[in-house]
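Any read-out appearing in this document is the output of simple, stated calculations on the displayed coordinates, not a laboratory observation. This is a predicted model, so every value here is computed, not measured. As a convention, Cβ positions derive from the backbone with ideal geometry for all residues, glycine included, and neighbour counts pool all protein chains shown.
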Protein chains: 2
Amino acid sequence: MTSTPLERAPRRHQTRQRARILEWLRTADSHPTAAQTHEALVRELPNLSLGTVYRNLEVLVSEGLIDEVASAGGGVRYDGNPKPHHHFICDACGAIDDLHLQAPPELARKLRRARGRTARRIRIDFYGLCEACELHDSNAGTAS
Amino acid sequence: MTSTPLERAPRRHQTRQRARILEWLRTADSHPTAAQTHEALVRELPNLSLGTVYRNLEVLVSEGLIDEVASAGGGVRYDGNPKPHHHFICDACGAIDDLHLQAPPELARKLRRARGRTARRIRIDFYGLCEACELHDSNAGTAS
DNA sequence: ATTTCTGCAAAAATTTTGCACCTTG
DNA sequence: CAAGGTGCAAAATTTTTGCAGAAAT
């Protein structure tokens, strides 16, 4: 038996720090890193420590209130929108945008046919150039 | 002007280290981290340094020979299969499996309609339980 | 009162770099 | 021999932890 040693879920206390982190992530348009989250909130909570931010992000993820988004380059980013959605990621500037479109049910079927597995959740990442970068950028096919 | 200062691509030399890293990644069934790659190869290349592995992975990515896969938890992983494909990720054990199915063209259309952007590349991640974990695991709806 | 949380600082873990010396072309 | 590459070690980052005191329930 690989017994999980009877782990009771702790009763969470409500703290200003955690509340603000969640609230801020919800309104953030980008998908911030732990450091960016700390940076943004340290103005109004001057003693907020990075450790506290890390610990709270972990709690919020485990409670399903936010999502972890693994971003290329290795950093973890956080997404204040826990509803299933997809992402458009700019190849040039790395910006991540939420897309609230629905995954075609066909995909789940394809998976089942290919592997016999059932998908609980499907996440689609679209890569391309965001509007700003597309304009900004003429050297798209020119390079040698 | 944000001039790219006329950067000439270096002529790469062929080295045993780089060759073996690429070759090993191609046959690897998992999606290894830099550390795992080093660990696996240090037997046959006893002086192989981690720094070299990092530098070569970066080169191989930039040449499009391998892919970076950002995995939750923050670590970067590498995928020796540069052809576009998708992933099935086990919620329980974290294993990542390649899926060689084709994204429905409908998706690109949806993106265009929703955002007016064009997708160069679409990556789909399916989350669920792999076969081993599904069997292994009876406590799926039982938890309080 | 008891449990959970915070801030701070130290410790780990991960990734990047500088540099002297080898290798490839 | 010139351009790249390697190994090693130090430095820079990023994330995790231990602890004593503070807050929440």
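Treat each spin label as a single point 7 Å out from the Cα along the C-beta direction, and report the residue A:134 to residue B:65 distance in nm.
Result: 3.4 nm between the two label points.
Given a Förster distance of 22 angstrom, what is the FRET efficiency for residue A:27 paired with residue A:121, based on the Cβ-Cβ distance and rounded to 0.05?
It comes to 0.35.
Gaussian network model of chain A, Cα springs within a sub-10 Å range: biggest mean-square fluctuation belongs to which of A:11, A:109, A:120?
A:11
Restricting to DSSP H runs of at least four residues, report the calculated mean residue ellipticity at 222 nm for chain B, -39500 (n - 2.57) per run over all residues, nearest 500 deg cm²/dmol.
My calculation for chain B gives -10000 deg cm²/dmol from helical runs alone.
Compare A:96, A:124, A:21 in a GNM of chain A, Cα atoms joined below 10 Å, and give the one with the largest fluctuation.
Its mean-square fluctuation being the largest, the pick is A:124.
In nanometres, what is the gap between the two model label sites at residue A:58 and residue A:97, each 7 Å from Cα along Cα-to-Cβ?
Calculated label separation equals 3.5 nm.
Residue-wise, which Karplus ³J(HN,Hα) couplings in Hz belong to the stretch A:54-69, taking 6.51 cos²θ - 1.76 cosθ + 1.60, θ = phi - 60°, and x for glycine or proline?
For the stretch A:54-69, the Karplus curve yields 4, 5, 6, 4, 4, 4, 4, 5, 5, 8, x, 8, 9, 10, 8, 10 Hz.
Rounded to the nearest 5, what is the percent of antiparallel bridges among the DSSP beta bridges in the stretch B:27-144?
Antiparallel bridges: around 65 percent, rounded to the nearest 5.
Is the shape of the stretch B:55-103 best called rounded, prolate or oblate, per the rule: a/c under 1.5 gives rounded, else a/b larger than b/c gives prolate, else oblate, with a ≥ b ≥ c the square roots of the Cα gyration tensor eigenvalues?
Cα axes put the stretch B:55-103 in the oblate bin.
Taking residue B:83 as the anchor, which aspartates and glutamates have their alpha carbon closer than 18 Å to its alpha carbon, excluding any fewer than eight residues away along the same chain?
Within the straight-line limit of under 18 Å, residue B:83 reaches these aspartates and glutamates: A:91, A:125, B:23, B:29, B:58, B:63, B:67, B:68, B:97, B:98, B:125.
Restricting the count to DSSP beta bridges whose residues both fall in the protein assembly as shown, what percent are antiparallel, rounded to a multiple of 5?
Around 75 percent of the beta bridges assigned by DSSP in the protein assembly as shown are antiparallel ones.
Rounded, prolate or oblate for the stretch A:1-135? Axes are the square roots of the Cα gyration tensor eigenvalues, ordered a ≥ b ≥ c, and the cut-off for rounded is a/c under 1.5.
Here the stretch A:1-135 falls in the oblate category.
With r as the distance between the Cβ atoms of residue A:14 and residue A:40 and R0 = 25 Å, compute the FRET efficiency 1/(1 + (r/R0)^6) and round to 0.05.
Efficiency, rounded to the nearest 0.05: 0.75.
Taking just the alpha-carbon atoms of the protein assembly as shown, what radius of gyration and Dmax come out, in angstrom?
21.2, 64
When you look at the Cβ of every residue in A:96-102, what mean number of other chain Cβ atoms sits within 10 Å?
Across A:96-102, the average partner-chain Cβ count within 10 Å equals 2.
Give me A:65, B:41, A:135 ranked fewest to most by other Cβ atoms within 10 Å of their Cβ, as a rough exposure proxy.
Lowest to highest Cβ neighbour count: A:135, A:65, B:41.
Percent relative contact order of chain B, based on C-alpha pairs within less than 8 angstrom and at least six residues apart?
Value for chain B: 19 percent.
Please tell me the relative contact order of the stretch A:22-105 in percent, rounded to the nearest whole number, where contacts are Cα pairs under 8 Å and at least six residues apart.
29
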